[in-house]
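Shown next, in structure tokens, is the structure this report addresses.
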């Protein structure tokens with residue numbers, strides 16, 4: 001009998017406050033971001049890919065009913081920004097005009113606050129205007145470190161739960177030890193394990209994931 005190919009429904013990420021796992025690698029940034037009242041109402045949240053910038057940004061944006069902007073999009077100062085809290089994701093890709101406008105509007109009180117997120121420190125962003133370079137260097141930083149085992153384990157468990165799968169701690173521990181530890185790679189891995197388990201009508205156990213990973217090496 002032919003193996004049934006399971007339907008693949010895209011899982012929407014859960015960026016809720018309850019789903020954010022607070023741990024030593026992100027505790028400081030979590031406190032700074034959610035406390036608000038930043039110097040000059042500007043904050044730059046910096047961390048590597050998979051550290052939780054996007055998740056924490058969404059938590060803050062939800063709390064503040066903030067307008068979300070993306071640095072890679074062509075942006076010009078907009079009257080709709082006035083009196084808003086604003087989150088600019090991938091801020092290092094934004095134009096100098098956008099960065100200058102947001103910082104100046106936050107300082108002057110035209111916007112309530114601005115949160116920048118990036119993988120890179122503000123003084124490494126590609127800007128040429130001396131005044132803007134100076135302002136970026138003076139931004140308050142909320143640093144995120146690489147996710148530790150506590151965070152990655154929680155992320156793995158959540159990825160499985162989002163697919164209706166409850167797995168044992170031994171499965172989580174095995175994957176943390178043997179798999180690529182980037183969040184992006186773990187997300188793909190959980191997707192593939194789910195598909196393989198559904199295809200073979202198997203439970204996701206430690207022996208199953210061990211065989212699955214071994215087969216990936218063949």
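The values are calculated or read from the model by the stated rules, or taken from the named source; none is laboratory data. Quantities reported herein were computed from a predicted structural model and do not represent experimental measurements. Here Cβ is always computed from backbone atoms with ideal geometry, including for glycine, and neighbour counts include all displayed protein chains.
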Quick check on region 191-206: of everything there that is in contact with a helix residue (DSSP H, G or I) (Cβ under 9 Å, 6 or more places away or on another chain) and not in a helix (DSSP H, G or I), which residue is farthest from residue 177 (Cα to Cα)? 202
Quick check on region 103-110. Is at least one of its residues under 30 Å from residue 154 (Cα atoms), surrounded by 14 or more Cβ atoms within 10 Å (Cβ to Cβ) and in contact with a helix residue (DSSP H, G or I) (Cβ under 9 Å, 6 or more places away or on another chain)? no
For region 110-136, enumerate the residues that are touching a residue at least 60 places away in the same chain (Cβ under 8 Å) and outside any helix (DSSP H, G or I). 111, 112, 113, 114, 115, 116, 117, 118, 119, 120, 121
Can you name the number of the only condition in (1) outside any helix (DSSP H, G or I); (2) touching a residue at least 60 places away in the same chain (Cβ under 8 Å) that residue 69 fails? (2)
Can you spot a residue in region 162-169 that is in contact with a helix residue (DSSP H, G or I) (Cβ under 9 Å, 6 or more places away or on another chain), assigned to a helix (DSSP H, G or I) and surrounded by 14 or more Cβ atoms within 10 Å (Cβ to Cβ)? yes
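Considering region 87-109 alone, what residues qualify as being under 20 Å from the mean Cα position of the chain (by Cα) and either in contact (Cβ under 8 Å) with a residue 40 or more places away in the chain or not in a loop (DSSP other than H, G, I, E, B) (or both)?
Looking only at region 87-109, we keep the residues that are under 20 Å from the mean Cα position of the chain (by Cα), and these are 87-94.
Those that are under 20 Å from the mean Cα position of the chain (by Cα) and either in contact (Cβ under 8 Å) with a residue 40 or more places away in the chain or not in a loop (DSSP other than H, G, I, E, B) (or both): 87, 88, 89, 91, 92, 93.
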Could you please let me know if residue 160 is under 25 Å from residue 26 (Cα atoms) and modelled with pLDDT of 95 or more? no
In region 36-46, how many residues are at pLDDT 95 or above and either touching a helix residue (DSSP H, G or I) at 6+ places or on another chain (Cβ under 6 Å) or over 13 Å from residue 144 (Cβ atoms) (or both)? 7
Is region 126-138 home to any residue that is over 27 Å from residue 70 (Cα atoms), out of contact with any strand residue (DSSP E or B) (no Cβ under 8 Å at 6 or more places or on another chain) and surrounded by fewer than 19 Cβ atoms within 10 Å (Cβ to Cβ)? no
Taking the residues in region 24-49 that are surrounded by 21 or more Cβ atoms within 10 Å (Cβ to Cβ) and not in a helix (DSSP H, G or I) as candidates, determine which candidate is farthest from the chain's Cα centre (by Cα). 42
Pairing a residue in region 7-20 that is in the same structural domain as residue 184 (by TED's automatic domain parsing) and loosely packed, with under 10 Cβ neighbours inside 10 Å with any residue that is part of a loop (DSSP other than H, G, I, E, B) and modelled with pLDDT under 60, where Cβ atoms lie under 6 Å and the two sit 6 or more apart in sequence or on different chains, gives none
Which ones in region 72-84 are in contact (Cβ under 8 Å) with a residue 24 or more places away in the chain and closer than 23 Å to residue 137 by Cβ? 77
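Determine whether residue 91 is modelled with pLDDT of 85 or more and surrounded by 20 or more Cβ atoms within 10 Å (Cβ to Cβ).
So residue 91 fits the description; yes.
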